[in-house]
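Reading through the structure tokens given below for one structure.
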Amino acid sequence: MENRNAIISVKNLIKNYNDFEAVRGLSFEVYEGEIFGLLGPNGAGKTTTLEIIETLREKTSGEVVVNGFSIDKNPINIKRIIGVQLQAAGYYPNLNLTELLELFSGLYGVNIKPMDMLAKVNLQDKAKAKYKELSGGQKQRFSIATTLINSPKIIFLDEPTTGLDPQARRNLWDLIIDIRNQGTTVVITTHYMDEAEQLCDRVAFVESGKIIALDTPDKLIDDLVDSGFERKKVVKKANLEDVFIHLTGQEWRE
Ligand code: ADP
């Protein structure tokens with residue numbers, strides 16, 4: 001990355017739940033304009049860390065600065081410039097997508113055209129549909145649209161492709177890359193390493209509340225290969241997912 005301007009800076013972050021140390025001295029920076037992946041096993045402390053940065057959870061100690069604002073002193077300023085996915089429970093069941101977007105934009109105090117937001121995620125034809133009537137991929141795309149309502153500088157995506165079919169997943173990657181290309185910084189968690197490899201400019205591996213590696217996917221893979229690591233099985237030129245995509249096409253269809 002050429003642009004090394006840190007938009008998120010986390011220093012020595014600690015979070016204890018009673019006497020359990022969930023986050024144990026995390027430090028990292030997210031650069032402006034990158035897609036940054038937070039990877040690691042369940043329970044590693046990723047969600048806790050993200051929610052502290054999003055000003056939704058209290059830290060025990062450490063320093064977090066987002067776009068120049070401290071989470072201790074300027075949480076309101078941070079809220080204004082970030083986009084966070086709502087839990088599905090936040091989508092009132094009787095409202096259609098247009099009405100939901102109008103509601104959320106009212107809550108943010110911004111003036112958006114619902115159709116423009118739906119166009120960003122290719123859901124114009126679902127403007128009058130209810131959330132529960134959408135496919136898994138469409139739900140995720142709608143939820144990403146809601147993070148963009150306040151034209152945020154940073155969006156946070158927590159496992160956005162979990163449970164999606166291969167096409168829906170690739171379509172979502174295109175969407176996320178598009179959002180990044182328009183200047184928004186993206187922080188994402190995923191359990192799919194192929195996804196992190198395709199999508200992320202840099203990734204941090206978190207384990208037991210600590211960062212155990214942080215770099216570009218390319219560099220992390222090269223370092224492993226340089227250490228003498230070899231895959232046991234010879235890799236074929238395609239995999240079963242390639243077969244799936246080849247057989248069923250790659251167009252937006254869900
Ligand atoms: P991840 O997102 O990497 O799966 P979490 O941040 O959700 O990890 O959780 C990290 C650890 O902190 C886990 O052991 C989890 O059980 C614990 N934890 C998370 N939230 C709470 C809470 N509100 N109270 C007590 N323990 C919690």
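If you check residue 13 against the conditions, is it closer than 14 Å to residue 206 by Cβ, without any contact (Cβ under 8 Å) to a residue 60 or more places away in the chain, in a strand (DSSP E or B) and over 16 Å from the mean Cα position of the chain (by Cα)? Taking the combined requirement at face value, the residue satisfies it. Residues considered: 8, 14. Of these, the only one that is at pLDDT 95 or above and either open to solvent by 30 Å² or more (accessible area, probe 1.4 Å) or touching a Phe, Trp or Tyr at 6+ places or on another chain (Cβ under 7 Å) (or both) is 14. Report yes if some residue within segment 2-15 is more than 19 Å from residue 157 (Cα to Cα), out of contact with any Lys or Arg (no Cβ under 8 Å at 6 or more places or on another chain) and within 16 Å of the ligand (Cβ to nearest atom); otherwise report no. Among the residues of segment 2-15, not one is more than 19 Å from residue 157 (Cα to Cα), out of contact with any Lys or Arg (no Cβ under 8 Å at 6 or more places or on another chain) and within 16 Å of the ligand (Cβ to nearest atom), which makes the answer no.
Being in a loop (DSSP other than H, G, I, E, B) and free of Cβ contacts under 8 Å to residues at least 40 places away in the same chain is a property that residue 149 lacks. For segment 76-100, give me each residue that is under 20 Å from the mean Cα position of the chain (by Cα) and hydrophobic (A, V, I, L, M, F, W, C). Within segment 76-100, 78, 81, 82, 84, 86, 88, 89 qualify.
For residue 248, are the conditions met, namely being polar (S, T, N, Q) and surrounded by 18 or more Cβ atoms within 10 Å (Cβ to Cβ)? Here the answer is no, as residue 248 does not meet what is asked. Taken over segment 23-33, the residue count meeting the criterion of being closer than 20 Å to residue 188 by Cβ and within 16 Å of the ligand (Cβ to nearest atom) is 3.
The values are calculated or read from the model by the stated rules, or taken from the named source; none is laboratory data. Keep in mind that what you see is a predicted model, and the values were worked out from it rather than measured. Here the Cβ is made from the backbone with ideal geometry for all residues, glycine too, and neighbour counts use every protein chain on show. These area figures cover heavy atoms from the full protein model, side chains too; ligands, DNA and RNA do not enter into them. Shrake-Rupley method; radii C 1.70, N 1.55, O 1.52, S 1.80 Å.
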